[in-house]
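Worksheet for the structure shown next.
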Amino acid sequence: MKTKPKKLVDFDLDPSDTLRVEDGFELASVDPESTPGYPGKKADGVAHLEHQDALLSELQERLFAASKGGSEQRVLLVLQAMDTAGKGGIVSHVVGSMDPQGVRLKAFKAPSDEEKAHDFLWRIEKEIPGAGMVGVFDRSHYEDVLIHRVHAWADEAELERRYAAINDFEERLMAEGTTVVKVMLHISKDEQKERLLARLHDPAKYWKYSTGDLTERGYWEDYQRAFQAMFEKTSTAGAPWYVVPANKKWYARIAVQQLLIDALEGINPQWPAAEFDVDEQIAAVTAS
């Protein structure tokens, strides 16, 4: 007797609505354990992620193909978070379902001496996705307002200049055809502790651990305030922030996956028309 397949559990409310940073937003009010808009459990979420892979992959392929027909549309996914929040998992389990030839991934590390000699957006400009691409920033230009605020490496006037420069930069990206999806993965301090300890108890994960992670953990509340300021200054109508509760990795993955699907469906890329006579080529191939 065949087992009836389990019914897919979908979002009750779209993450584009439930996770969007609006006026009056307070990061402290977001429960990192929550699963806004999704009524299912972990097994449901895992099944949902797998089911939606095909849709995300097709939309990305259409975006890539449309650029061959002259479309300038592209997507930029910005991932920001405290250490261990799951950015790598998003790249592996969500972005990884797309065709690598249509994805441009950049993990930004501490700036080099050459990069420090230029304005903070100089190194970012070189990594923006081209037409038809899905760009992914694992950390981004926002490091230059987060860590600089936390450690007082920039004064208030310079931070304000950077917020304004970021908004101008993203407006230009959008004018050039880029849909910007900005995601902050929000975990609790206790959850971060568990994840750091898990790395230290598994030799296969030692390479993921950095003593610097512990140092930055000491500034936890300062980072929460820096994220709040970032939202207030740079969550705009065209490029809003989405705060994704991330204590449950499976939920964070399906939420970001849906945000990407929504972005691509908003673009609605079309397959380019053939630049040859299809019937003629069918006949030629058949006769070959």
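The values are calculated or read from the model by the stated rules, or taken from the named source; none is laboratory data. Note that this is a predicted model, so its numbers are computed, not measured. We place every Cβ from the backbone using ideal geometry, glycine too, and count neighbours over all the protein chains shown. In case anyone asks, the SASA skips ligands and DNA or RNA and just uses the protein heavy atoms, side chains included. Shrake-Rupley method; radii C 1.70, N 1.55, O 1.52, S 1.80 Å.
Estimated purely from DSSP H runs of n ≥ 4, each contributing -39500 (n - 2.57), the mean residue ellipticity at 222 nm for the chain is -14500 deg cm²/dmol once divided by its residues. Accessible surface of E232, taken over heavy atoms with a 1.4 Å probe and every protein chain present, rounds to 120 Å².
Arrange the peptides 124-130, 139-145 so that the one whose residues have, on average, the most other Cβ atoms within 10 Å appears first.
On the way: 124-130: 15.6, 139-145: 21.4.
Highest-to-lowest ranking by the protection proxy: 139-145, 124-130.
For region 142-211, the per residue solvent-accessible surface stands at 51 Å², with DNA, RNA and ligands left out and a 1.4 Å probe.
Within region 8-89, what whole-number % of the accessible surface is contributed by carbon and sulfur, with the 1.4 Å probe and all protein chains included in the calculation? Don't skip to the answer; put the middle values down first.
Values: 1850 of 3850 Å².
Using a 1.4 Å probe with all protein chains present, region 8-89 comes out at 48 percent carbon and sulfur.
Loop-located chymotrypsin sites (Phe, Trp or Tyr not before Pro) in region 188-288 (DSSP state other than H, G, I, E, B) with a sparse environment of at most 12 neighbouring Cβ atoms within 10 Å: F276.
Once the other residues with Cβ under 12 Å from the Cβ of A237 are scored (Lys, Arg +1; Asp, Glu -1), what is the net sum? Don't jump to the answer; show the numbers that get you there.
Details: positive: R20; negative: E22, D23, E170, E171.
Here the charged neighbours net out to -3.
A straight Cα-to-Cα reach below 14 Å connects K68 with the aspartates and glutamates E275, residues fewer than 8 places away in its own chain not being considered.
Just to make sure I understand: if all protein chains stay in place, what is the order of I147, I90 by accessible area at 1.4 Å, largest first? Please report the intermediate quantities before stating the final value.
Values: I147 40, I90 0 Å².
Order by accessible area, largest first: I147, I90.
Scanning residues 5 or more positions from L76 or on other chains, those with amide H under 5 Å from its amide H are G135, T179, V180, V181, with H placed 1.01 Å from N in the peptide plane. For the pair region 206-267 and region 99-152, the centres of their Cα atoms are 15 angstrom apart. Heavy-atom accessible surface of region 1-69, averaged per residue, reaches 66 Å², computed with a 1.4 Å probe. Quick check: net charge around R123, other residues with Cβ under 11 Å of its Cβ, Lys/Arg +1 and Asp/Glu -1? Result for the local shell: -3. I need the shape label for the chain. Rule: rounded when a/c is under 1.5, else prolate if a/b > b/c, else oblate, with a, b, c from the alpha carbon gyration tensor. Because a/c hits 1.5 or more and a/b fails to exceed b/c, the chain counts as oblate.
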